[in-house]
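The values are calculated or read from the model by the stated rules, or taken from the named source; none is laboratory data. Model, not experiment: these values are computed from the prediction. Because the Cβ atoms are built from the backbone with ideal geometry, glycine has one as well, and the counts that use them run over all protein chains shown. Ligands, DNA and RNA are stripped out before the accessible areas are found, and what is left, the full protein with its side chains, is counted by its heavy atoms. Shrake-Rupley method; radii C 1.70, N 1.55, O 1.52, S 1.80 Å.
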Amino acid sequence: MFKQILVFTLLLVTVSCSDDDKIVEQVITCDDGIRNGDENGIDCGGICFANCLDENALEGFLVTRRILSADIEYKLTGPYIVRDGAELEIEAGTVIKAVPNSDAYIAVAQGGKLFVLGNANAPVVITSDSDNPQPGDWGGVIICGQAPTNNGINARSDLGDIFYGGTNTGTSSGNIRYLRLEYTGALFRNEFRFNALTFYGVGSFTDIQNIQAYESLGNGFEIFGGNITATNLVSLNVNQFGVKASGGWNGSGTSWFLSNQTNVGIYMGNNALDFTAEPMSNVIIENVSIIDTFSNSGLFYTDGGGNFELNNIYIAQVGLGINIDTNFESIMVDDGNLVINNIEFDNPTPNFMETNYTGSASFYSQGITNGSGNRNTLPFWAEGWTIGF
């Protein structure tokens, strides 16, 4: 973008020191990366109007701080990477439209931060720019942090090819509240399919609440390692898993409503390449509704399993309730590494099986549960800001 540098004086402040008066002059430019003066965006608007020619375009690298306004409809025209030290803030009600077949996605690198400041009445929406939107029109959002994973330090993400992982459990990659991601799941380099939202080694100080994945060719959400707590997740009409949890995630999830997954509701694992990799996944998940996974399972325990405790789980209209993948995971169940307290199987499909586990451990108990809050109906906390129901 062509930048015309305009320098002007914001204010003159007179300070009295002894017998001398000193004039302090603050100089502002239109390329200082700060929203100031009469600008209505960062280095845009007011006297910096010439810098607004491409103010709605999102592509390339963000290296400073940028605020996206609800007054502008943005176009995501390619990869948009929030670099180390940069911050992307998105105001409530902002709409971003991703151009199909443009390799469009948003990635937050280690040290970068994403602040999604939506609310129940005005969520942030990232969707397709097509007149006839389809799952897979664009990539999705990925966040790479500095917390531990069992792929080691400075691994590179399958999606985005960005470094992730470290030793800092208490780091923050920002705050995400009331975000809706629509028509995600494009291929990255024709190899790996994006999820709506992917976390790689993200630290516990990252606030994750009220997010919907809608119409994705990939997973709704993937959490690989790190220490986040994921609250109030909604996944509807995704082609793989509602939530995939693995990679040494040591955190928790609560209040998930997962409906119409082609494959599995929740995928629980440790590491696909090394079942015993450390740190081992150690997760507590509670208050979940899983509805309609067609002929596949509600819960899938695989890739070495890990330590998972699930509480108050409602599963409806599935062929298999709990899928224990191989003999290795069966041994993990025998040893008490998978515990499910109060699970309900409602309205199962013909030939339904509660589990394919054949061992002797009583690892799950059945009862009546409200799941995410309202059994197989959208919970109250998801009303108003979600779509498709």
Discussion item. Can you find, among Tyr164, Gln209, Phe308, the residue sitting farthest towards the positive end of the charge dipole of the chain, where Lys and Arg contribute +1 and Asp and Glu -1 at Cβ?
Written reply: Phe308
Discussion item. Positive end of the dipole of the range 180-283, charges at C-beta (+1 Lys, Arg; -1 Asp, Glu), about the Cα centre: which of Asn237, Gly226, Pro279 has its Cα farthest in that direction?
Written reply: Asn237
Worksheet entry | Theoretical ellipticity at 222 nm over the chain - DSSP helices of four or more residues, -39500 (n - 2.57) apiece, nearest 500 | -500 deg cm²/dmol
Worksheet item: What aspartates and glutamates could a cross-link reach from Lys113, if we take a straight Cα to Cα line under 13 Å and drop same-chain neighbours fewer than 8 places away?
Response: Asp84, Glu87, Glu89, Asp207
Worksheet item: Considering only protein heavy atoms and a 1.4 Å probe, what is the carbon-and-sulfur percentage of the accessible area of the range 329-383?
Response: 46
Worksheet item: For the range 341-379 and the range 67-137, what is the separation of their Cα centres, given in Å?
Response: 36
Worksheet, complete the sentence: Here the gain from full extension of Asn132 to Asn342, 0.36 nm per residue of separation minus their alpha-carbon distance, amounts to 71.4 nm
Worksheet item: Rounded to a whole number, what % of the accessible area of the range 137-224 do carbon and sulfur atoms account for, probe 1.4 Å?
Response: 41
Worksheet item: Shape call for the range 212-271 from the C-alpha gyration tensor, a ≥ b ≥ c root eigenvalues: rounded (a/c under 1.5), prolate (a/b greater than b/c) or oblate?
Response: oblate
Worksheet item: Given a cut-off of under 8 Å on Cα pairs at least six residues apart, what relative contact order in percent is computed for the chain?
Response: 9
Item to complete: Using a 1.4 angstrom probe, figure out how much accessible area the chain has per residue, in square angstrom, rounded to the nearest whole.
Response: 41
Worksheet item: Using the C-alpha gyration tensor of the range 247-378, what are the square roots of 5 times its eigenvalues, in whole angstrom, with the largest one first?
Response: 22, 16, 13
Discussion item. Based on DSSP loop calls and a cut-off of at most 13 other Cβ atoms within 10 Å, the longest stretch of the chain free of exposed trypsin sites (Lys or Arg not before Pro) is what?
Written reply: 190-389
Practice prompt. Give the distance, in whole Å, between the Cα centre of the range 174-228 and the Cα centre of the range 249-278.
Written response: 13
Response to the item:
Simple SL model, points at 7 angstrom along Cα→Cβ for Phe389 and Thr358; separation in nm is 4.0
Discussion item. Tell me which of Phe188, Val333, Phe199 sits at the most positive position along the dipole axis of the chain, charges placed on C-beta atoms (Lys, Arg +1; Asp, Glu -1).
Written reply: Val333
Worksheet item: From the phi of every residue in the range 357-372, what ³J(HN,Hα) in whole Hz does the Karplus formula 6.51 cos²θ - 1.76 cosθ + 1.60 yield, where θ is phi - 60° and glycine or proline is x?
Response: 5, 10, x, 9, 6, 8, 8, 9, 10, 9, x, 8, 9, 8, x, 6
Worksheet item: If you count, for each residue, the other Cβ atoms within 10 Å and average over each peptide, how do 100-106, 116-122 line up from highest to lowest?
Response: 100-106, 116-122
